[in-house]
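Beneath this line is the structure, given in structure tokens, with notes to follow.
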Amino acid sequence: MGGVIVVTGIPGVGKTTVMQKAAEGINIKFVTFGSVMIDIAKELGWAKDRDEMRKLPLDKQKELQIKTAERVAEMKNVIVDTHCTVKTPQGYMPGLPEWVIKRLNPRTIVIVEADPEEIYRRRQKDKTRKRDPDTIEEINEHQQMNRAIAMAYAALSGATVKIVFNHDNAIDEAVEQAKPVLQD
Amino acid sequence: MGGVIVVTGIPGVGKTTVMQKAAEGINIKFVTFGSVMIDIAKELGWAKDRDEMRKLPLDKQKELQIKTAERVAEMKNVIVDTHCTVKTPQGYMPGLPEWVIKRLNPRTIVIVEADPEEIYRRRQKDKTRKRDPDTIEEINEHQQMNRAIAMAYAALSGATVKIVFNHDNAIDEAVEQAKPVLQD
Amino acid sequence: MGGVIVVTGIPGVGKTTVMQKAAEGINIKFVTFGSVMIDIAKELGWAKDRDEMRKLPLDKQKELQIKTAERVAEMKNVIVDTHCTVKTPQGYMPGLPEWVIKRLNPRTIVIVEADPEEIYRRRQKDKTRKRDPDTIEEINEHQQMNRAIAMAYAALSGATVKIVFNHDNAIDEAVEQAKPVLQD
């Protein structure tokens, strides 16, 4: 085996749970793209926390993304948790633009999805969420856009794209769908 | 602020109106990709009008696209009106292929959309249209394909993709959705 | 005319029939990407059949894809039969990743589609199929993902993307839709 596996999914879909369960008993590292990025920013003395990191000039942020992708790729046998796109007031921001995806060079990009209604209800139950909730229609749109950009990432890197459904009360099925990704 | 904003949308969706209203009171240039391109073709003595330009060999057309993208990018603070894809008998033709999108290097790609039924009715009212009208299903397909390619453009350039709905009698809401794109 | 035309479509959609009928009376070569690839693998002494070819290390497979794309591109006036994505247990595998699509440099990518229900029934009638059948929902998903990646291929190469519907008992309409792709 070996290689980088990217796991993505919109907030509330439960991507981390699914992949951690699927990887139980398998010797593979788990990292979050954002955590590695903030570590590197601190090492370089560019930022002390995520807020400072977000305020860096765009070219510095791009350099950080590149360094992060290179460090994760060197881990070789790793699942990296990140986003296909991040929803911002300026639109959907690509999480793995060309300069990142080509350096990560993943074997597979996993998209964990659920029905928009399910995600809506899960988000409502999460008291830590503050901002205006997305409508069911908006959640649907976000998942659609993520599928589209995942295919662009695949075209750029050769990675396979695996959709895993994490429906309510069906974590075992989600794990079964995810498992082949971790085998050769 | 500063940077290039691309605004797209299929014929009949009203993209120009939405973006011009959203930019009222903001100091930002407005250009059409096609107009800059014909200007350059004339300067070079390659074509006197759009018909002649379309008949140029493919490599000349590509060179014109590149020169146009470079000129627009130099304008820095600019909204450029163009198409994600143009529908032709040979299929959907990409308006911003890699050699264009990487030189434009936009901050955001705006997609103005409406319901296919709305676009169908708006096109029917427009007496200047000649060719066989697209069906509602075909309008839906065109918008879907544009979303998909916009995400590929995002993957190549890092631009955000903002969808703005321009529904009937709801221009104010469309403008509200578009405004954050013009702020930093 | 001249140039490479790529024809794609999921198993059971009838892409080969549609394109062969559309090309009747036109002087254009027909090849299958996979056949040219196995020919090259044999010439190089890398594999004696498809099974051996699939077991080659990834870098050898990539080299074979590149050589295949180059050979097909040299044929100049050719329709090449291949897949937007191949469905595997590890997810959708891109058939025309960047290193292939840029060398093929096609004029047009044709996607032959049908309703998921139609494809489901056609597959059921095909006794040579062994593996667990896809559900109608899965067939729909596969066609969606192929549209998305075709648009990424278009962004990378400038090719147009033409969707041709091959509905039951409507081969003539499918051929009519495909014909403009073969004209200049």
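Points to keep in mind about this one:
- Considering region A:83-97, the residues that are over 16 Å from A:I139 (Cα atoms) and without any contact (Cβ under 8 Å) to a residue 60 or more places away in the chain include one that is surrounded by the most Cβ atoms within 10 Å (Cβ to Cβ), namely A:P94.
- Filtered residue count, region C:161-172, keeping only those that are among the β-branched types (V, I, T) and surrounded by fewer than 23 Cβ atoms within 10 Å (Cβ to Cβ): 2
- Restricting region A:172-184 to residues that are closer than 16 Å to C:T88 by Cα and not hydrophobic (A, V, I, L, M, F, W, C), the residue that is farthest from the other protein chains (Cβ to nearest Cβ): A:E176
- Counted residues, region C:148-168 - those being among the charged types (D, E, K, R) and in contact (Cβ under 8 Å) with a residue 60 or more places away in the chain: 0
- Any hit, region B:157-171, residues being under 19 Å from A:A154 (Cα atoms), part of a helix (DSSP H, G or I), within 19 Å of the chain's Cα centre (by Cα) and within 13 Å of chain A (Cβ to nearest Cβ): yes
- For C:V175, the stated conditions do not hold, so it cannot be described as under 15 Å from C:V7 (Cβ atoms), outside any helix (DSSP H, G or I) and not aromatic (F, W, Y).
- Residue within region A:169-178 that is on the phi > 0 side of the Ramachandran plot, free of Cβ contacts under 8 Å to residues at least 12 places away in the same chain and not hydroxyl-bearing (S, T, Y) present: yes
- The selection criterion, being β-branched (V, I, T), under 14 Å from A:A114 (Cα atoms) and more than 8 Å from chain C (Cβ to nearest Cβ), does not hold for A:I149.
- Residue selected from region B:79-110 under the condition farther than 30 Å from B:D132 by Cα and more than 13 Å from the chain's Cα centre (by Cα), by the criterion nearest to the other protein chains (Cβ to nearest Cβ): B:E98
- Yes/no for B:G91 being of a type outside the set (D, E) and at positive phi: yes
- Region A:89-128: number of residues that are over 30 Å from A:R71 (Cβ atoms) and among the charged types (D, E, K, R): 9
- Test: residue in region B:4-16 that is within 13 Å of B:M75 (Cβ to Cβ), without any contact (Cβ under 8 Å) to a residue 40 or more places away in the chain and not aromatic (F, W, Y): no
- Whichever residue in region A:2-31 is within 16 Å of A:E113 (Cβ to Cβ) and among the polar types (S, T, N, Q) and, among such residues, is surrounded by the most Cβ atoms within 10 Å (Cβ to Cβ): A:T8
- Evaluating A:K60 against the criteria (1) outside any loop (DSSP other than H, G, I, E, B); (2) farther than 30 Å from B:P180 by Cα leaves one unmet condition, (2).
- Per-region count, region B:129-143, residues surrounded by fewer than 16 Cβ atoms within 10 Å (Cβ to Cβ) and either within 9 Å of another protein chain (Cβ to nearest Cβ) or over 20 Å from the mean Cα position of the chain (by Cα) (or both): 7
- Residues (among the β-branched types (V, I, T) and assigned to a helix (DSSP H, G or I)) located in region B:85-144: B:V100, B:I101, B:I119, B:I136, B:I139
- Candidates are the residues of region B:33-48 that are loosely packed, with under 15 Cβ neighbours inside 10 Å and under 25 Å from B:G9 (Cβ atoms); the one that is farthest from the chain's Cα centre (by Cα) is B:D39.
Here, each number is a calculation from the coordinates, and none is a lab measurement. Computed from a predicted structure; not experimentally measured. Don't worry about glycine lacking a Cβ; one is built from the backbone with ideal geometry, like all the others, and counts go over all protein chains shown.
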